[in-house]
Amino acid sequence: MPPRATQDSLTIRNLDPGLKERLRVRAVRNGQSMQAEARRILQDALDEPGERQPGNLYERIRARFVALGGVDWGIPAREPVRHPPRLV
């Protein structure tokens with residue numbers, strides 16, 4: 001089915017407050033709004049096996065590591081600033 005030009009809305013009533021809080025925490029952890037996180041959860045839940053996943057490669061790799069608590073790469077030591085040679 002081709003994508004529609006308009007965006008539809010969905011209202012969910014009687015949402016358990018604990019579930020809403022879990023959604024909020026997950027959204028913050030993933031750097032998303034609650035609405036964006038809910039869209040992502042729905043998209044992931046409704047994707048057929050073998051369908052191309054939305055988003056770019058970075059987002060898919062990041063999503064795998066977020067569940068594991070992330071990765072701390074560490075910052076390499078900095079070298080002192082080198083001054084340019086004088087050509088006189």
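Working note: Cα gyration tensor of segment 17-66, eigenvalues times five, square-rooted, sorted largest first, giving semi-axes of 20, 14, 8 Å. Normalised by 2.2 N^0.38 Å, where N counts its residues, the alpha-carbon radius of gyration of the chain equals 1.78. Given +1 at the Cβ of Lys and Arg, -1 at the Cβ of Asp and Glu and no other charges, the dipole of the chain around its Cα centre is 400 debye to the nearest 20. Each residue of segment 11-21 was assigned a 3J(HN,Hα) from its phi angle through the Karplus expression (A = 6.51, B = -1.76, C = 1.60, θ = phi - 60°), giving 10, 10, 8, 6, 6, 4, x, x, 5, 5, 5 Hz with x at Gly and Pro.
3J(HN,Hα) couplings calculated from phi for segment 24-40 with the Karplus curve 6.51 cos²θ - 1.76 cosθ + 1.60 (θ = phi - 60°) are, in sequence order, 4, 5, 5, 5, 4, 4, 8, x, 10, 6, 4, 5, 5, 5, 4, 4, 5 Hz; Gly and Pro show x.
A short reminder: the numbers here are calculations on the coordinates, not readings from a lab. In this text the structure is predicted, and so the values were computed from the model without any measurement. Every residue, glycine among them, receives a Cβ derived from its backbone with ideal geometry; neighbour counts consider all protein chains shown.
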